[in-house]
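S.K.: Can you read through this structure? Questions will come right after.
The values are calculated or read from the model by the stated rules, or taken from the named source; none is laboratory data. The shown structure was predicted, so the numbers you read here are calculated from the model rather than taken from an experiment. Using ideal geometry, Cβ is built from the backbone for each residue, glycine included, and neighbour counts are taken over all protein chains shown. Surface areas here come from the heavy atoms of the whole protein model, side chains and all, with no ligands, DNA or RNA. Shrake-Rupley method; radii C 1.70, N 1.55, O 1.52, S 1.80 Å.
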Amino acid sequence: MRLTVVGSSGSYPGPGSSASCYLLEADHAGRTWRILLDLGSGALGTLQSLTDAKGIDGVFLSHLHADHCLDLCGYYVMRKYHPDGALPRIPVWGPADTAGRMARAYDLDPDPGMTEEFDFRPYGTTAITFGPFSVIARRVVHPVTAYALRVTADGRSVAYSGDTGVCHGLDDTARDADLFLCEASFLEGAPNPPDLHLTGAEAGRTAAGAGARRLVLTHIPPWHDPATVLAEARGEYAGDIALAAPGQVYDL
Ligand SMILES: [Zn+2]
Ligand SMILES: [Zn+2]
């Protein structure tokens, strides 16, 4: 399985990165399958510089905040009106009202909204099998319905926090993961609201407690110095830590 960071900026695009989007690729039945974890503001532009954006097989949204889902609007246009002809309908997993949320985001009539381009599917409690990928979505704590995602393929696992505070859903998602892609939006010592985001130290503690084999910090807002977040995480986790950056590739 290959992970490519498309966008890693927290909460809004930064000068060097779009908001959240990660590409996962794995081979199955004679071809390479491609899925996206989130498609946040600005990510569709970078995606086109990294792969053939028309070749995405499915999208998994962690939650419906703008920085995680809004470029589905542009992607809808690309798939619906492409001059080579409309592209096949693909599945988009997300919270229960993803279809309605995206229709409102584009100011479309909710019927059909984007449902002719995207097959919106809610997360359930069991693993989703999609080509070579097995995906488990677990509820995490955030002001809106939000999920952490655990993706397994080729016997390897990527755990993605989405946006969350410290919680069991996050711990279970990160357990023994080969790579833990974890948000770190807050700094220690600030009056951080509960059940919203993680500090670098909390990301590091979660990775250590879960036995994750590698930690990649992401979703750092442009107003924070990534070096500070990295130092916080290093104080809690002895394993390999990196800062996510667009174009970075991890072969697992
Ligand atoms: Zn976010
Ligand atoms: Zn959020």
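S.K.: Looking only at segment 140-163, which residues are hydrophobic (A, V, I, L, M, F, W, C), closer than 19 Å to Ser8 by Cα and either touching a Leu at 6+ places or on another chain (Cβ under 7 Å) or free of Cβ contacts under 8 Å to residues at least 60 places away in the same chain (or both)?
M.R.: Ala148, Leu149, Val151, Val158, Ala159
S.K.: (1) part of a helix (DSSP H, G or I); (2) of a type in the set (Ser, Thr, Tyr); (3) open to solvent by 20 Å² or more (accessible area, probe 1.4 Å): which one isn't true of Ser11, the others all being true?
M.R.: Every condition holds for Ser11 apart from (1).
S.K.: Further question: Output the residue which, of all residues in segment 65-87 that are in contact (Cβ under 8 Å) with a residue 40 or more places away in the chain and under 14 Å from Gly113 (Cβ atoms), is farthest from ligand 2 (Cβ to nearest atom).
M.R.: Tyr76
S.K.: Kindly check whether there is at least one residue in segment 53-69 that is assigned to a strand (DSSP E or B) and closer than 22 Å to Ala245 by Cβ.
M.R.: Yes, segment 53-69 contains at least one residue that is assigned to a strand (DSSP E or B) and closer than 22 Å to Ala245 by Cβ.
S.K.: Look through segment 124-162, keep the residues that are open to solvent by 20 Å² or more (accessible area, probe 1.4 Å) and aliphatic (A, V, I, L, M), and return whichever of them is farthest from ligand 2 (Cβ to nearest atom).
M.R.: This residue is Ala127.
S.K.: Another one. Of all residues in segment 15-35, which are surrounded by fewer than 19 Cβ atoms within 10 Å (Cβ to Cβ) and either in a strand (DSSP E or B) or of a type in the set (A, V, I, L, M) (or both)?
M.R.: Within segment 15-35, Asp27, His28, Ala29, Arg31, Thr32 qualify.
S.K.: Pro91: away from ligand 1 (no atom under 16 Å from the Cβ) and either surrounded by fewer than 18 Cβ atoms within 10 Å (Cβ to Cβ) or farther than 30 Å from Asp154 by Cβ (or both), yes or no?
M.R.: Yes.
S.K.: Scan the strands (runs of 3 or more DSSP E) fully inside segment 179-252 and keep the ones with 3 or more residues being touching a Ser or Thr at 6+ places or on another chain (Cβ under 8 Å).
M.R.: Correct list: 179-183.
S.K.: Right, something else. Scanning for something more than 29 Å from Ala231 (Cα to Cα), modelled with pLDDT of 95 or more and open to solvent by 10 Å² or more (accessible area, probe 1.4 Å), does segment 163-182 turn up at least one residue?
M.R.: no
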